[in-house]
Amino acid sequence: MFYSKPVTEIMKMRFSCRTYTDKPIAEEDRERLSAFLSVSGRGPFGGAARFKLIAATDEDRKALKGLGTYGFIKGASGFIVGAVGPSSKNLEDFGYTMERAILFATDVGLGTCWLGGSFTRSSFAKKISATVEELVPAVASVGYILPKEQSGVTIRQIVGGHNRKPPENLFFRETFGIPLSSDEAGPYAVSLEMVRIAPSASNKQPWRIIKDRGSWNFYMQRTRGYGNSLSFRILNIADLQRVDMGIAMCHFELTVRELGLKGRWEIKEPKIEKPNALCEYTISWIGEV
């Protein structure tokens with residue numbers, strides 16, 4: 001594992017930090033994060049995203065204005081920028097690999113915040129030299145966290161980032177609608193909790209997981225009109241709920257590996273009736289005894 005602390009501890013520490021000190025990232029921290037970003041690896045579907053740490057400039061900060069809550073970003077010393085090429089599951093691979101990098105930044109002692117938007121033709125894309133075939137689905141602000149006593153009421157409280165759906169709305173046994181108990185989850189209960197607390201666009205938590213014997217089947221419950229609507233396509237905004245699925249997969253697998261549980265990702269859709277047309281199968285984790 002790449003982290004100095006237990007990954008579950010890092011996941012619990014991480015939050016959407018929107019207010020930072022003005023202190024530049026120390027050279028040692030910058031070098032450690034940059035080195036990690038340079039070898040980000042591939043996602044579960046085989047796609048490779050590439051990432052770069054850039055210093056925050058006035059131009060970059062201005063690029064965030066008009067993006068709703070992202071306008072609250074203050075004092076970030078840098079940004080993690082990522083680009084990914086075309087493939088059927090490129091956004092899931094992007095979310096998986098970028099969340100792994102964000103957890104590393106958290107481990108280093110830095111605050112971060114996922115920022116999704118129309119970055120493919122932005123100054124961020126230019127700084128990572130994105131090609132015409134590549135997408136820049138999201139960036140992440142990064143810097144040293146401003147102590148709460150200096151920032152007053154936290155933006156996290158204002159936007160409700162501390163709220164999460166209860167497990168019974170996310171995790172099921174054999175079919176949708178039958179909640180999976182902690183006892184039934186067994187050693188995977190910790191992995192599911194780490195998925196539950198994972199970040200997601202607008203805190204929608206689109207992931208749904210069904211345990212069916214030794215398989216953990218991941219589905220995306222799409223929010224109506226979100227991600228693939230005409231307005232999103234016109235504005236060239238990435239389908240962030242697919243990115244969210246990659247984030248959930250990252251939290252699940254890293255925790256499973258840390259717990260010493262064996263398994264593998266496999267695209268093998270089970271014969272489970274979906275609750276509605278907005279529910280899509282993504283992938284399954286096949287546990288090994």
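Using alpha carbons only, what's the Rg to Rh ratio of region 173-289 with Rh from Kirkwood?
Numbers: Rg = 14.6 Å, Rh = 14.9 Å.
Rg divided by Rh gives 0.98.
Taking region 164-288, how many lysine pairs are there with alpha carbons less than 22 Å apart, if each pair must be eight or more places apart or span two chains? Before the final figure, lay out each step's value.
Details: LYS165/LYS204; LYS165/LYS211; LYS165/LYS274; LYS204/LYS274; LYS211/LYS262; LYS211/LYS268; LYS211/LYS271; LYS211/LYS274.
For region 164-288, qualifying lysine pairs total 8.
Sort 171-180, 104-113, 261-270 for me by packing, meaning the mean count of neighbouring Cβ atoms within 10 Å per residue, highest on top.
104-113, 171-180, 261-270
Test of understanding: ordering GLU134, GLU99, GLU92 by Cβ neighbours within 10 Å, fewest first, what list do you get? Walk me through the numbers before you get to the answer.
On the way: GLU134 19, GLU99 26, GLU92 29.
The fewest-first ordering by Cβ neighbours comes to GLU134, GLU99, GLU92.
Give me the Kirkwood hydrodynamic radius of the chain, using the inverse of the mean 1/r over all pairs of distinct Cα atoms, in Å to one decimal.
Its Kirkwood hydrodynamic radius stands at 19.4 Å.
Of the candidates PHE15, PHE72, PHE36, which one comes out as most mobile in a Gaussian network treatment of the chain with C-alpha springs shorter than 10 Å?
PHE72
Would you order ASP244, ASP93 from fewest to most other beta-carbon atoms within 10 Å of each residue's own beta-carbon?
ASP93, ASP244
Please order SER88, SER77 by the number of other Cβ within 10 Å, starting at the fewest. Before the final figure, lay out each step's value.
Details: SER88 8, SER77 22.
So the ranking, lowest neighbour count to highest, is SER88, SER77.
What is the sum of charges around PRO6, taking Lys and Arg as +1, Asp and Glu as -1, for the other residues whose C-beta is under 11 Å from the C-beta of PRO6?
With Lys, Arg at +1 and Asp, Glu at -1, the net is -1.
Hey, what does the equivalent ellipsoid look like for region 7-151, semi-axes from the Cα gyration tensor as sqrt of 5 times each eigenvalue, largest first, whole Å? List each step's numbers first, then the result.
Working: eigenvalues 107, 65, 37 Å².
Semi-axes (√(5λ), whole Å): 23, 18, 14.
If you take every DSSP beta bridge whose two residues both sit in the chain, what share of them, in percent to the nearest 5, is antiparallel?
90 percent
Based on DSSP H runs of at least 4 residues, each adding -39500 (n - 2.57), what is the mean residue ellipticity at 222 nm of the chain after dividing by all its residues, to the nearest 500 deg cm²/dmol? Could the numbers behind the result be given before it?
Values: 11 runs with 94 residues, N = 289.
Counting only the DSSP helices, I get -9000 deg cm²/dmol.
Taking K and R as +1 and D and E as -1, what net charge do the other residues with C-beta under 10 Å from the C-beta of ALA48 add up to?
Residues close to ALA48 contribute a combined charge of +1.
None of the figures in this text is laboratory data; all of them are computed from the coordinates on show. Nothing here was measured: the structure is a model prediction, and the numbers come from that model. Glycine also receives a Cβ, built like all others from the backbone with ideal geometry; neighbour counts cover every protein chain displayed.
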